[in-house]
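Any read-out appearing in this document is the output of simple, stated calculations on the displayed coordinates, not a laboratory observation. What you are looking at is a predicted structure, and each value in this text was computed from that prediction instead of being measured. Cβ atoms come from the backbone with ideal geometry, glycine included; neighbour counts cover every protein chain shown.
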Amino acid sequence: MPQPLRDPRRLGGHTLTGAYPPGDRSASFETGDGALLTLFHTRLPDPDAFLERIDQLQRAGGYPWLSLLDAGTSGGEPYVVVEKVDGAHLQTALPERDAQRLAIAAMTGLAGLHRDGVAHGSFTPWSVILTGAGPRLALVDLDALLTSGAPSPAPETGDPGETRPVGTLAYLPPEALRPEVHPPAPPGDLFAWAAVMVFAVTGRHVFERDSPAATMNAVLHDDPDLDGVPEGLAGVVAACLAKDPGQRPTAREALERLIGEAQLTVDRAALDVVNRPEPEERETEPAVPAPPARRGPHRGALIAAAVAIVLVAGLGGYTLGGNRTVAATTAADATGTPSTSVSTLAAADEPAPPPPAAGEVTAPGPAITLKENPADPVRLTGYRKGAGTWVRAEGDAFTRLPGKNVEPARSPGGTWLAAVGPESITFTGAGEPFTVTPGVPYTRPTWSRDGAKLMLTMTSGDEGRPAGFVVVDVATRAVATVDTDDETTGGEGHFAWTPDGSGVVVGYRTATEHGVRFRDLTGDLAKAYHWVGETYGRRMFSPSGKTFVTFCPSGGTYCVWDTATGVRQASIALFYPDGLLYGWYDDAHLIVADPRGDPHRIVAMDLRGRPQRVLAEIPPEDDTTDLLLYYTGN
C-alpha cells in the first residue's frame with residue numbers, strides 16, 4: 001500500500017498523493033485521481049522514440065490491457081501513468097480453470113496489439129495482474145523502451161512493493177538471444193505467452209536454469225517440459241514454443257484454437273456474442289412460412305468470442321483438459337489420426353487472384369447484380385427466393401421454374417437440370433425429359449463430377465437426420481436407395497460425393513466433437529475424420545478434390561483440410577456474422593457472403609480470409625434468409 005505524502009507534489013501535471021517503497025531504478029506514486037505513476041531513474045537515449053512508442057501503445061491498447069493514461073519526462077527522466085487496479089502479480093501456479101481463463105485473456109490482448117502492428121516485447125508473469133474481475137495485463141515494458149528494444153522486466157502496475165518472481169531471460173524467444181539484432185516482434189510475444197502459461201499452470205519457469213548461461217542455452221536448445229499442462233492448452237503452448245519464429249502460429253490463429261477448445265465445454269447458449277454461420281440446415285423451408293429475416297451485421301467477432309468465454313469461465317467455469325480424441329461411433333478401427341498442430345503448413349505462395357469482372361448481369365426477381373468474367377471457373381446457375389426458383393438458361397437469361405419450393409441442380413458443364421420437388425425429380429437437358437419418384441424422404445441434390453449421377457440425402461424423423469442416400473443414374477434412369485445407420489449414430493448434415501465418385505461423405509457428431517464419415521457406395525464405412533468439425537455438406541470438396549471445407553472445430557469460421565490425410569491446411573476467421581459459404585470458386589478461393597455494406601456482396605475469398613473479387617451485389621432488402629444461391633462449375 002502507498003504511504004500518504006504529507007506534502008503532495010506534482011509531476012508532469014499529476015498530483016502525487018502516496019508513495020510506494022522505492023525500487024532500485026524507479027519510484028512509484030499514487031496520483032490524486034487514483035492512477036499509478038512510475039518514474040524511472042535513467043536518461044532516455046532517444047526521448048522522441050520513447051514518446052512515439054507510447055503513442056503507439058496508447059492507440060493499440062484495449063481489453064485486457066491496463067490503460068496507459070499518460071507519459072512524459074521530468075528532469076530528463078521518463079515516467080508513465082497507468083490505470084491502477086487492485087490485484088497481485090502472477091507469482092505462483094493458478095487453479096486450472098483460472099489459468100485457462102488467463103490464457104484466452106492474454107492471447108486476446110496480444111492479438112489486438114499485433115493487429116495494430118505493435119509487439120509487446122517482454123511478456124512475463126510480472127505482466128499479469130490478477131484481479132477479482134479477471135486478469136489484467138501490463139501494456140508497457142519501460143525497460144525495453146529505455147534500452148532501444150532490449151526486453152527486460154515490465155514496470156510495476158499492481159503493488160510495486162512485490163518481489164518479482166523471475167527476470168525475463170527465461171521468457172525471451174530464441175531469436176532475441178542470438179548475436180544478430182532482433183527487435184521485438186509478434187512471434188516473440190507468442191513464445192513468451194506460452195512460457196507464461198506453463199508457469200501459470202505448473203508454477204515452473206519452463207526454461208529457467210541455475211545460471212543465466214544455462215537459461216539461455218535452455219531457451220535456445222531445450223525442448224520444453226509440458227508435463228502438467230492440460231491437453232486443451234498444451235497443443236497451443238507447444239506450437240508457440242517452436243524455436244523457429246516462422247513455425248509459430250500468429251496470435252489470431254492461436255486465439256482461434258483457444259476459443260475452439262473452450263467452446264467444446266462452455267455452453268454455447270451462454271456465448272450469445274458469438275454469431276456463427278449455420279450449416280446447410282438453414283436452407284430448409286419451415287413448415288409454416290415465416291417472414292424472412294434480413295441478413296446483416298450483428299454483434300460478434302473473434303475478440304468478442306474470447307471475451308465471452310473469459311466471462312463465462314469466470315462466472316461458471318470450464319475445463320479444457322481431458323481426452324478429446326473420440327472415434328466414430330460406427331467403426332472405431334476405421335478412424336484416422338487428427339492433426340494436433342495449430343498451423344500445419346508453412347505459408348504457401350500467393351495464389352493467382354480471380355480475373356476482374358468483365359461485365360454485369362441483372363437477374364430477375366430479387367435484384368441480384370452478377371459481376372462476371374468468361375474465365376470464371378464457376379457461375380451462378382440458379383437461385384431461390386421464398387417459394388420461387390429461377391434457373392439460368394442460355395447465356396445470361398434466367399427463367400422462373402413452375403411450381404413452388406423447387407430446388408435446382410445443374411450438372412457440371414450444364415448438360416442436365418434436375419428440378420427437385422417435394423415428391424419427384426424432373427430431369428431436362430441432353431436427352432428426353434424424365435421424372436423419377438424416389439419413394440422416400442429426401443433433400444439436397446448433388447451431382448457426381450462427371451454429371452452421370454444425381455445423389456440426394458435420404459432423411460429420417462422430424463429433425464431430418466441423414467438415414468442414407470438416393471442415387472439416380474441419368475443414363476439408365478435407375479434409382480438406387482442405400483440405407484446407412486447415420487440416423488442412429490449421430491449423423492448430421494447432408495451427403496456429398498467423394499471427388500472420384502467412388503463413395504460418399506456425411507457429417508456426424510459425438511458428445512464433444514464433429515467429424516465426417518467416408519462411406520463406399522454400398523454404405524459401408526471406409527474411414528472417419530472425427531476432428532475436422534461440422535460438415536459443410538454437399539459442396540464441401542474443392543474443385544480438384546484435394547481439400548475440403550468444414551465449420552472449424554477450434555475457432556475461426558471455416559477450416560480447410562487435406563482430403564487424403566485430414567491435415568488442416570487453412571483456417572479462415574470471419575469477423576462478421578452471416579458470412580454464408582456458397583461453395584468453392586477455385587482451389588484457392590471460397591464463395592462467401594459479406595453483408596456488412598450496402599449493397600451486400602458475394603465475394604471470392606482467399607484462404608487467408610481476404611476478399612479478392614466481388615461476384616455479385618444484392619440490396620439488403622432482398623438479401624434475406626430465404627434467398628439461396630447455386631453456383632456450378634463451367
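So if R0 is 60 Å, what FRET efficiency would Glu360 and Arg178 give, r being the distance between their Cβ atoms, rounded to the nearest 0.05?
0.60
In nm, what is the difference between 0.36 nm times the number of residues separating Ala93 and Glu463 and their Cα-Cα distance?
128.5 nm
So if we plug the beta-carbon distance of Lys404 and Thr565 into 1/(1 + (r/R0)^6) with R0 = 41 Å, what FRET efficiency do we get, rounded to 0.05?
Once rounded, the FRET efficiency stands at 0.40.
Around Ala105, what is the net charge, scoring Lys/Arg as +1 and Asp/Glu as -1 over all other residues with Cβ under 11 Å from its Cβ?
+1
Which whole-Hz couplings ³J(HN,Hα) result when phi for each residue of segment 75-87 is put into the Karplus expression 6.51 cos²θ - 1.76 cosθ + 1.60, θ = phi - 60°, listed in order with x for Gly and Pro?
Values, residue by residue: x, x, 9, x, 9, 9, 10, 10, 4, 9, 10, 8, x Hz.
Quick one: Cα centre-to-centre distance for segment 171-196 and segment 67-136, in angstrom?
Spelled out, the Cα-based centre of one part sits 17 Å from the other.
Using θ = phi - 60° and the Karplus relation 6.51 cos²θ - 1.76 cosθ + 1.60, list the HN-Hα couplings for segment 500-517 in order, rounded to whole Hz, with x at every Gly or Pro.
The phi angles translate into 8, x, 8, x, 9, 9, 9, x, 7, 9, 10, 5, 10, 9, 10, x, 10, 10 Hz.
Put a dot 7 Å past each Cα toward the Cβ at Phe434 and Arg43; how far apart are the dots in nm?
Placing both labels 7 Å along Cα→Cβ, they lie 9.4 nm apart.
Between beta-carbons, use under 12 Å as the cut-off and find the net charge around Leu241, counting Lys and Arg +1, Asp and Glu -1.
-2
Step through the residues of segment 534-548 one at a time and calculate ³J(HN,Hα) from phi using the Karplus curve (6.51 cos²θ - 1.76 cosθ + 1.60, θ = phi - 60°), rounding each to whole Hz and writing x for Gly and Pro.
Karplus values, whole Hz, x for Gly and Pro: 5, 5, 8, x, 5, 9, 6, 8, 5, x, 7, x, 6, 9, 9.
Check Trp65: other-chain or 5+ apart residues with amide H under 5 Å from its amide H, H built from backbone geometry?
It is Leu137, by chain and number.
Taking the highest mean first, how do the peptides 545-551, 34-40, 97-103 order by number of other beta carbon atoms within 10 angstrom per residue?
97-103, 545-551, 34-40
When only C-alpha pairs under 8 Å and at least 6 residues apart count, what is the relative contact order of segment 376-445, in percent?
17 percent
Hey, what did segment 10-64 get for relative contact order, percent, Cα under 8 Å, at least 6 apart?
20 percent
Compute the signed sum of charges (Lys and Arg +1, Asp and Glu -1) over the other residues within less than 9 Å, Cβ to Cβ, of Ala35.
With Lys, Arg at +1 and Asp, Glu at -1, the neighbours total -3.
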